[in-house]
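Structure first, then comments.
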Amino acid sequence: MFLAILLTGLGINKQLDLQSLLTAVGRHLAKEQGWYAERHGTQRAFIISVVVAGAALTASMLMIVRKLDHWVKLAGAGLVILVSFIIIRAASFHHIDVVLRAGLADFRINHVLELGGISLIAVAAICSAKREPR
């Protein structure tokens, strides 16, 4: 149920493009407060914070789901990938955008991360539902 509500909220966010609004507000504040030219340190700290928070979220999730079904663990891994991707993408740093747009043929890293996280959650939900008695 938690994942269903979270993914519904993320779907609404995807349609409304709220992360672009957040980025625009942050950029505006940085320019208004005069630290836009020195934003790279803030961006680096943000990315490091995301990595640390992602690691902490992963460790916490592993502790919570360790006794649960392996499909729940797979859904949790998908959630960590998806949320980490969304936060980094929302930051919209140009050097990160270049990496995320890189890829091979039609497979871009951003597509692999976003759709990969969603796919892990979907596979876990389908497989778990097949095992659950009605």
What translational diffusion coefficient, in µm²/s and rounded to a whole number, does the Stokes-Einstein relation yield for segment 28-91 at 4 °C and a viscosity of 1.567 mPa s, taking the hydrodynamic radius as the Kirkwood radius over Cα pairs? 96 µm²/s
Residue span I5 to L115: 0.36 nm per residue of separation minus Cα-Cα distance leaves a gain in nm of 37.8 nm
Rounded to two decimals, the Debye log10 I(q)/I(0) of the chain (Cα scatterers, no solvent) at q = 0.11, 0.14, 0.16, 0.18 Å⁻¹ is -0.49, -0.76, -0.94, -1.12
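Can you compute the helix-only [θ] at 222 nm over the chain? Use -39500 (n - 2.57) per DSSP H run of at least 4 residues, normalise by all residues, nearest 500 deg cm²/dmol.
Numbers: 6 runs with 110 residues, N = 134.
For the chain, the value works out to -28000 deg cm²/dmol.
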Run the reach check for K130 against aspartates and glutamates, Cα to Cα strictly under 17 Å, same-chain hits fewer than 8 apart removed. What comes back? D69
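Stretch L57-R44 to full length: gain in nm at 0.36 nm per residue minus the Cα-Cα span? List each step's numbers first, then the result.
On the way: separation 13, 0.36 × 13 = 4.68 nm, distance 1.96 nm.
Working it through step by step, the gained length comes to 2.7 nm.
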Could you give the DSSP H helices of the chain that reach 18 angstrom or more along their long axis (alpha carbon positions) and whose average Kyte-Doolittle hydropathy is no lower than 0.0? 2-16, 18-32, 39-65, 70-91, 109-131
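So how much slack lies between Q15 and R66, counting 0.36 nm per residue of separation and subtracting their Cα-Cα distance, in nm?
Working: separation 51, 0.36 × 51 = 18.36 nm, distance 3.41 nm.
Value of the extension gain: 15.0 nm.
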Quantify, in whole percent, the carbon and sulfur part of the accessible surface of the chain (1.4 Å probe; protein heavy atoms only). 70 percent
Accessible area per residue, Å², segment 28-75 with all protein chains present, probe 1.4 Å: 74 Å²
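The values are calculated or read from the model by the stated rules, or taken from the named source; none is laboratory data. This structure is a prediction, so every number in the text was calculated from the model and none was measured. The accessibility values were calculated without ligands, DNA or RNA, using every heavy atom of the protein model including side chains. Shrake-Rupley method; radii C 1.70, N 1.55, O 1.52, S 1.80 Å.
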